[in-house]
1. Kindly establish whether residue 98 is open to solvent by less than 60 Å² (accessible area, probe 1.4 Å) and not basic (Lys, Arg).
2. Which residue, of 31, 56, 89, is assigned to a helix (DSSP H, G or I), exposed (fewer than 11 other Cβ atoms within 10 Å of the Cβ) and in contact with a helix residue (DSSP H, G or I) (Cβ under 9 Å, 6 or more places away or on another chain)?
3. Under 7 Å by Cβ, and 6 or more places apart or on different chains, what pairs join a residue from region 229-252 that is more than 17 Å from residue 171 (Cβ to Cβ) with one that is small (Gly, Ala, Ser) and open to solvent by 50 Å² or more (accessible area, probe 1.4 Å)?
4. Quick one: in region 163-191, which of the residues that are at pLDDT below 95 and among the aromatic types (Phe, Trp, Tyr) is least open to solvent (accessible area, probe 1.4 Å)?
5. Before we move on, is residue 266 within 25 Å of residue 125 (Cβ to Cβ) and open to solvent by less than 60 Å² (accessible area, probe 1.4 Å)?
6. Give me the residue from region 140-163 that is more than 12 Å from residue 125 (Cα to Cα) and without any contact (Cβ under 8 Å) to a residue 40 or more places away in the chain and, out of that set, farthest from the chain's Cα centre (by Cα).
7. Just for region 192-210: of the residues that are touching a residue at least 40 places away in the same chain (Cβ under 8 Å) and open to solvent by less than 40 Å² (accessible area, probe 1.4 Å), which one is nearest to residue 240 (Cα to Cα)?
8. Filter region 126-149 down to the residues that are open to solvent by less than 60 Å² (accessible area, probe 1.4 Å) and either among the basic types (Lys, Arg) or out of contact with any Lys or Arg (no Cβ under 9 Å at 6 or more places or on another chain) (or both) and list them by number.
Amino acid sequence: RPVFMAVGAALLLLLAVLMRAVWPGVPTAERSALRWLTIGAMAAAVPFAGAPIGSRCLVLPLLGGSAAIAAVLRQGWSSLRHQERTRSRLAGAGCILLAAIHLGVAPIQRLASPPVLRWLMNTRLVEAMQQVELDAERLASQRVVVLRAPDLVVGLHAFFYRQLYRLPMPGSWRTLSWARAEHRFTRTAGDTLELELIGGALAAAALRPGSSVELSGMRAVVRAVDDRGVTRVEFKFDRSLDDPALWFLGWRDGRLRRVEQPPVGGAISL
């Protein structure tokens, strides 16, 4: 994340410097449009500041950003490259960098993204769903609880994948965590599991000790946090963990496998 922030800030500063360098040559009729498009791009980025990094968050900002970049590239090609001053040459080099990114790398990235995303979002989910250990006969009356998923793809999209392809659905599908850390689940009561993350945390900066999330049939209560995020959570269900209506899964050996719950006081690690 700090690397993304540093690179993004540097490129934004570069674009601002180049806009100032080419501004005198921009036709008067276009200047007012560029002003409100650029301001709109910055304002449109604000609501997405707390969202996961992704191209969907950039659709609106890029409506204005693309106009600003296009103006810089056009003026750089039509005027800056013909000037002999050192300042103009430096600005021209910056334009070449922007051109390489937006006219060279971007089209290649656009062509490469679909197969990569298809593998991430489809192939991995196919493998996960084909090999998942479920009770097919009683699935409709069960609540599936994924104790730990390997990543966001399996953790977030597995439920939607089953809906999309009309696979048998459980009563509910809860994913407790996909943090990159060792997960230690301790059964503190007949109906309660306490998760301790070892060497990692849940990225939930807004939650504090005592914060709770209520869901149908389950309540999660934060018990401990550190500077990385949530490190300990209590999950209390509305029935015994041994009830056949609860079906626990965990990621082991590259697939979602059933996880038997320990006796009260016992623990398991994933």
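1. Against the criterion (open to solvent by less than 60 Å² (accessible area, probe 1.4 Å) and not basic (Lys, Arg)), residue 98 qualifies.
2. Every option except 56 fails the conditions.
3. Close Cβ pairs satisfying both conditions: 229/203; 229/205.
4. The selected residue is 173.
5. The answer is no for residue 266.
6. Looking at residues that are more than 12 Å from residue 125 (Cα to Cα) and without any contact (Cβ under 8 Å) to a residue 40 or more places away in the chain, I get 140.
7. 192
8. 126, 139, 142, 143, 147, 148, 149
The values are calculated or read from the model by the stated rules, or taken from the named source; none is laboratory data. For clarity, every value in this text was computed on a predicted model and none was experimentally measured. Please note: Cβ atoms are built from the backbone with ideal geometry, for glycine as well, and neighbour counts cover all protein chains shown. We work out accessible area using only protein heavy atoms, side chains counted, and drop any ligands, DNA or RNA first. Shrake-Rupley method; radii C 1.70, N 1.55, O 1.52, S 1.80 Å.
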